[in-house]
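Following: one structure in structure tokens, then a few remarks.
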Amino acid sequence: MLPLPLVTQRRWHYFLILAAMAALPLLATWALSKNSFKAINLQDYVSYRCEVANTDSDAAFRVLTLTPTYAIALAEALCQSALLSEQYASVEISWHPRGYLKAQDILEGNYQLIWNRRHVVEGLLPEVYQYYQPILDSPRYTLYWLSRKTPVAMNDTYFAGKRVGLSLDQHSQTYFLQPMNALRSANIDLDNTQIQYFSSIAALYDAFEQGQVDIISSARNPVLVPDQGGVVFTPLAKDVPSGSWFLRADLLGDPAVCDIIRALNVFQPVFDQAPIPLVEGGCP
């Protein structure tokens, strides 16, 4: 048999390539129908997940809080609970500004455990206690100004030219309300160039650490603010009210409730007093 002319051979190869390309979508569809793929769960910067020992369930114990402070430590403590591991495969904790929590989250029970201020939770729904019940009140705490080298003095001379970092969340006691109240009470009037607002607490602390702002407010927290050289803590306010931990109402009789309350002790270094459990009969 005589070989095909060179031009004809090239055309033949060209048609084969076109046919192969046209078949690719069909092959992909067939492959997907034959295999089961799990969606990739991309970890974002406002959440953390740990696995527990249970392999019989794919349910997650979901926690919503306001700050990353000790959030990972809480998740890890909950993952160590043998009683929780009987029902859940993982613990997922996320931290968002208080306005993130919506009435729909309450109605649908999207989280097993929530930390927020009582007036915020109660304001979302008139019958909120049908859906969530407080199991522990976080104690009051002392709030400090954080500065470098010299303590904060509440006068115009000290604040002249200083940059103050605040939270965009105007309901935040720690990062907006208390520092603003202190400035107003001292008749210290800062111009717009002296106040910088941050959308997250992590960004606020990063700005202080990097010298983008000179002063912020904070609890004396060794996780967020290590006692590093040059950082000065000046008392700003005492007995600042904190929040409460709310458990989904259908879980109140669960044997794991006391394990949950014990896990919440990871926050003790933040506060000046012990937390106040609200479970009837207490926990051993």
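The values are calculated or read from the model by the stated rules, or taken from the named source; none is laboratory data. Everything numeric here is computed off the predicted structure, so don't read it as measured data. We place every Cβ from the backbone using ideal geometry, glycine too, and count neighbours over all the protein chains shown. Side chains are part of the model used for accessible areas, which takes the heavy atoms of the whole protein and leaves out ligands, DNA and RNA. Shrake-Rupley method; radii C 1.70, N 1.55, O 1.52, S 1.80 Å.
List of remarks:
- Within the shell of other residues whose beta carbon sits under 13 angstrom from the beta carbon of Pro277, the net charge comes to -2, with Lys and Arg scored +1 and Asp and Glu -1.
- Protein-only accessible surface at a 1.4 angstrom probe places the residues Tyr129, Tyr158 in the order Tyr129, Tyr158, largest first.
- Annotation note: GluC sites (Glu not before Pro) in segment 55-149 located in DSSP loop regions with a Cβ neighbour count of at most 16 within 10 Å are Glu86, Glu127.
- Other residues with beta-carbon under 14 Å from the beta-carbon of Tyr158 carry, at +1 per Lys or Arg and -1 per Asp or Glu, a net charge of +1.
- Taking the DSSP bridge list for segment 139-284 and keeping only pairs wholly inside it, about 70 percent are antiparallel.
- In the context of the full set of protein chains, segment 141-265 has a per residue accessible area of 47 Å² (1.4 Å probe).
- Phi-based couplings in Hz for segment 128-137 (Karplus 6.51, -1.76, 1.60; Gly and Pro marked x): 4, 6, 6, 10, 9, 10, x, 10, 7, 9
- For Phe198, the residues whose modelled amide H falls within less than 5 Å of its own, excluding neighbours fewer than 5 places apart on the same chain, are Leu166, Ser167, Leu168.
- Overall form of segment 106-152 per C-alpha gyration tensor (a/c, 1.5; a/b vs b/c): prolate
- If you take all other residues with their beta carbon under 9 Å from the beta carbon of Cys50, and give Lys and Arg +1 and Asp and Glu -1, the sum is -2.
- Amide H within-cut-off set for Val52, under 5 Å, with H built and near neighbours excluded: Ser90, Val91
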